[in-house]
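The values are calculated or read from the model by the stated rules, or taken from the named source; none is laboratory data. Note that the structure is predicted; figures quoted are calculated from it, not measured. Cβ: placed from backbone, ideal geometry, glycine included. Neighbour counts: every protein chain shown. Calculation scope for accessible area: heavy atoms of the full protein, side chains included, ligands and nucleic acids excluded. Shrake-Rupley method; radii C 1.70, N 1.55, O 1.52, S 1.80 Å.
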Amino acid sequence: MIPRVSTDAADIIGRFADSLETAPRRLAIEAGQGRRHIGWFCTYTPLELIHAAGFTPVRLGGMGAAVEQADLLTPTFLCPFLRQAVARALEGGYDFLWGLVQGYTCDAACGAAAVWEENFPGRLFHSLPLPYNDSPASREFCRAAMGELLDKLIAAGGVYSDEHLEESLGLYGRLRRLLDGLQNPRARLENGLDASEVLAITNAVYTLPPENAVALLEELLPLPPAPGPKKDGGVPVLVSGSVIEDGLVLDLLEDCGGTVAADDLCSGSRGLYPLDGEGEAPMDRLVDRLMKRAPCPARCRAEDRAAYLAGLIEASGARGAVFILQKFCTPHLADLPALTAALKGMGLPSLLIELEETGLSEGQLRTRFESFFEMLGGR
């Protein structure tokens, strides 16, 4: 994709949508032109380090692949997102990859990475161990883990320098700031964007070279809203959970009387904060940001997440929470009792939506959303 100046927000939103829809073909063309793509699943993956070594990180997903093909290599109780990603690979949709790097978070994602290494072509496969607690010893461990990954990147053909890492940190810092501005609910409404449009843009961003994504976002954010009817503001809620690829669930949430006042999603804001790390050397800043990441259920205790979500709710004015989880997502489901109990103690109700392999049941979801928002005093 070659960025071009535009004065039409709808045009840029459409270009993001096209980038997402045509990602497999586009990425294969880029690979044929010499770009080297490294796949990733989890937002704990150090994208800056991969980019600094001369590779382009690309987030992997299922994009509606027929999940039955994945039965050959994965158990049926794996989350649909990962099973569809494996199915997409079996279709040849990820043959362009140079390799895959997975931050060691949930067991399912690490298992999928192992399946990848055994069954799909590539020159680099690496599962990155990450410490749970922030301490001097943990930071030394994290630094050593970064060094091990860097050695593999160089052995796979990468070229690295601290100057390259400095540039990559600056580039991804700009990208996170732009996404933060886009995903901020007030800014989103001012830009006339539905929550599903923001989701699609965010998903598209991570299939693009970061410099192209930054250029497009810098074009989009200053523009006036695209013309046309927009949804009225509804009951503000926190949306929390794992990866969402299909924006229909967010469209239904808004259609039925809700609005996303804050999010804690793997495919939303969770991977953005902190926007930058602190430290003198670029590797210090990379490690610092990873160690201070917003809490993920695979990397922290439920009570820590409960406190974090309470802060999001207080800051956003949310009147309830909607948990949107991939079915069988063990870390998120394990946290759920503690989180719902904490919300109940604050006088806030919650709703659980599980995403199935077979897609969304629109009628059933509409009924559940309408009942929930009616209970919260919406229309």
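Structure data summary
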{"read-out": "Alpha carbon convex hull of the chain, volume per residue in cubic angstrom", "value": "131"}
{"read-out": "Packing-based ranking, highest mean first, of 194-204, 118-128 given that Cβ atoms within 10 Å are counted", "value": "194-204, 118-128"}
{"read-out": "Residue-normalised accessible area of the stretch 56-151, expressed per residue, 1.4 Å probe, Å²", "value": "43"}
{"read-out": "Within the accessible area of the chain (1.4 Å probe), percent carbon and sulfur", "value": "54"}
{"read-out": "Size of electric dipole in the stretch 46-192: Cβ of Lys, Arg +1 and of Asp, Glu -1, about Cα centre, debye, nearest 20", "value": "440"}
{"read-out": "Heavy atoms of residue 327: accessible area, 1.4 Å probe, square angstrom to 10", "value": "60"}
{"read-out": "Per residue accessible area in Å² of the stretch 312-377, where ligands, DNA and RNA are left out and the probe is 1.4 Å", "value": "51"}
{"read-out": "Rg(Cα)/(2.2 N^0.38 Å) for the stretch 230-278, N = residue count", "value": "1.30"}
{"read-out": "Of 257, 355, 268, farthest towards positive along the dipole that unit charges on Lys, Arg, Asp, Glu beta carbons give the chain", "value": "257"}
{"read-out": "Dipole magnitude of the chain about its Cα centre (Cβ charges: Lys, Arg +1; Asp, Glu -1), debye to nearest 20", "value": "260"}
{"read-out": "Ranked packing of 333-340, 296-303, 272-279, most packed first, by mean Cβ within 10 Å", "value": "296-303, 333-340, 272-279"}
{"read-out": "Farthest toward positive dipole pole in the chain [+1 Lys/Arg, -1 Asp/Glu at C-beta], among 131, 316, 74", "value": "316"}
{"read-out": "Cβ-Cβ FRET estimate between residue 18 and residue 354, R0 fixed at 30 Å, reported to 0.05", "value": "0.50"}
{"read-out": "Pairwise label distance in nanometres, residue 314 with residue 371, each label 7 Å out on the Cα-Cβ vector", "value": "3.2"}
{"read-out": "Packing rank of 244-255, 131-142, where each peptide gets the mean count of other beta carbons within 10 Å, highest leading", "value": "244-255, 131-142"}
{"read-out": "Residue order for 172, 206, 308 - accessible surface, 1.4 angstrom probe, largest first", "value": "308, 206, 172"}
{"read-out": "Accessible area per residue, Å², the stretch 201-303 with all protein chains present, probe 1.4 Å", "value": "32"}
